[in-house]
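Comments concern the structure below.
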Amino acid sequence: MLLFYNFGRYLLFLASMFSKPEKIGIYISRTFNEMVSIGINSLPIVAIIALFSGGVSTIQTSYQLIASWISKTIIGSIVSDTVILEFAPTITCLVLAGKIGSSIASEIGTMKVSEQIDALEVMGINSTGYLALPKIIAGVIMIPMLIIIAMFLGIWGGMMAGVATGILPAELFMEGARGSFKTFNVMFALIKATSFGFIITSISCFQGYFTEGGALEVGKSSTNAVVYSSVMILCADYVIAQLFL
Amino acid sequence: MIEIQNLNKSFGDKEVLRNINATFYPGQVNVVIGASGSGKSVLMKCMVGLVLPDTGKILYKGEDFIAIDYKTKKEIREQIGMLFQGSALFDSLTVEENVDFPLKMFSNMTKEERLERVNFCLQRVKLENANKLFPSEISGGMKKRVGIARAIALNPKYLFCDEPNSGLDPVTSRVIDLLIKEITEEYNITTIMNSHDMKTLFDIGDNVTFIYKGDLEFEGTIEDFRNSPSPLIEEFLGASYFQR
C-alpha cells in the first residue's frame, strides 16, 4: 500500500509543477543555471568513467578472446557496441544518480526544513514549478548530451588502451568499431539517457521536497534519492531494452 | 482586516485548533500568544495557506481565503509578507537578491527601480552595508532584519511574524520589536505576530489573542488582557517575568 501511496504522491507532485509561471524569463534563466550545474559540472566525472570503462572493456574483451583465428577487429566491434548500448548510458547515469541525485535532494530538502519552500509558497509562487521543473528540464536535456560525450570518450578510451597495451593497433580497433556501427544503437542509447535523466531529477526533487524534520532527514532523503533513482534506472533499462531490441 | 470564523484543525486524532474565532485589525500589532504546542504556529500557517483547516473560514477583507479560486488566492498572497522563525532566507542568494526576489517575481519595475526599492527596504531595517553578503555570513538578528526587509518589499497589507525574536539577545529583540511596530503603523499593515514573550506583548502589542491547548481563551486589548480574571491568563502572566 505504501508503494501505491508514494507513487500517487509522486504523480501528483509532477502534476503540480505545471502552472502558469509568474515570469517566464526567470524560469528560463533558472533552467540554464541548472543545465550548467547538472551538465557542465558533471563533465569531469563523466569523462573519467567513460575513459576507464572503455579502456577496461578493451582489455577484458581481449583477455576472453584468446583464439588466434578470431580477428582482432572484433574487439573494437564489441567494445564500441558495449559502450554505446550499455556503458555510456547506464553506468554513467548510475554514477550521475549519485552525484546529481544527492545534490538535488539535499538542496531541496534543506530548503524544506529551513522553511524556504514555505516562504516561496507564502509569496504565491508555485514552489514545485519554481524548484523542480527547471531541474527536470535541465536533466532531460543535458544528460543525453553527457551520454553522447561519454560514448565518444568510451570508444576512444578503449582504442587508447588497446594501443597502449599492445593488444591491437588503432586502425584495427576503428575498423571493427565502424563495421558494427548502427545509428539505431545511438538512438536507443539516447532514449535511455533521456528516460534516465527524467528519473534521476524527478525522483531526487520528489525525495527532497517531502523531507520533514531536520539535518538527519535531509541525509535520509539524499540517500533515498540515490537508491530509488538507481533502482529505477536499472528497471527502466530492462524495460527499454525489452521494448526496443 | 482578517477575520477567522469557527476554525478547526486536527492532525490525525489530535485536535490542534478548536472553534477559533478572532479578528485582526489593520495598523495594529495583533499578538497571538500561548504556550509552546498550543497551536499558534498552526493557526498562522492556516492563515497564510500553508496548512488547510478542516472547517472554518479565514476572511481577508470579507473574502474567504480557503474557498476562493487560485487566481484570487494568489493576488491575496502577493499582499502578504511573512517573517519566519528561522528567517527562511534563500541560502544561495545574497541579502540584496533575497530582498529583490519578490520584486523580481511580481513587480514590473526596472532593474534600477528594484535596486532603489531594495536599498530603501534595507535602510528601513538599518542594514545599509550588507547587500552583497550571503545569509551564512550574517548574524541571527541581521537575518531577521533581512527577513523583514523582504517581507515589506512589495508593500504588503498583511505582515505575519512567527516568533520574530526567538533566539535573539534582549537588545536585538527590542530592535526587531520596535521595527515591526514602526512598519505596522507607518504603512497601516495588519500585523499578526506569534509570540510567548510577554515583554514583546506589552511593548508593542495592540491586541491579544490567547490560545490555550487549541482553544481560544481570550481576545481583546492589552489592558483587558492584563486585567482579565481568567485563571489561565493569570497563570501565564504569573509565570512570566512581567507580572501584574
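Below is a table of values for the structure above.
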item	result
Which numbered condition B:E116 misses (of (1) buried (at least 20 other Cβ atoms within 10 Å of the Cβ); (2) out of contact with any helix residue (DSSP H, G or I) (no Cβ under 8 Å at 6 or more places or on another chain))	(1)
Segment B:71-97 - residue that is assigned to a helix (DSSP H, G or I) and under 19 Å from A:I24 (Cα atoms) and, of those, farthest from the other protein chains (Cβ to nearest Cβ)	B:E97
Per-region count, segment A:1-37, residues surrounded by 14 or more Cβ atoms within 10 Å (Cβ to Cβ), within 19 Å of the chain's Cα centre (by Cα) and without any contact (Cβ under 8 Å) to a residue 40 or more places away in the chain	0
Which listed residue is under 29 Å from B:M105 (Cβ atoms) and more than 18 Å from the chain's Cα centre (by Cα), from B:K57, B:K14, B:K61	B:K57
Matching helices (runs of 4 or more DSSP H) fully within segment B:126-244 where at least 2 residues are of a type outside the set (D, E, K, R), farther than 26 Å from A:G124 by Cα and modelled with pLDDT of 90 or more	none
Failed criterion for B:A35 (all others in (1) within 14 Å of chain A (Cβ to nearest Cβ); (2) touching a residue at least 12 places away in the same chain (Cβ under 8 Å) hold)	(1)
Selection status of B:L59, under 22 Å from B:P164 (Cα atoms) and not charged (D, E, K, R)	no
Residue among A:I147, A:I136, A:I141 that alone is surrounded by fewer than 19 Cβ atoms within 10 Å (Cβ to Cβ), within 30 Å of A:Q207 (Cβ to Cβ) and aliphatic (A, V, I, L, M)	A:I141
Which listed residue is surrounded by 19 or more Cβ atoms within 10 Å (Cβ to Cβ), of a type outside the set (F, W, Y) and either farther than 30 Å from B:K45 by Cα or touching a Pro at 6+ places or on another chain (Cβ under 6 Å) (or both), from A:I78, A:I91, A:I45, A:I40	A:I78
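The values are calculated or read from the model by the stated rules, or taken from the named source; none is laboratory data. Here the structure is a predicted model, which is why all the values come from computation and not from measurement. All Cβ positions, glycine included, derive from the backbone under ideal geometry; neighbour counts span all protein chains shown.
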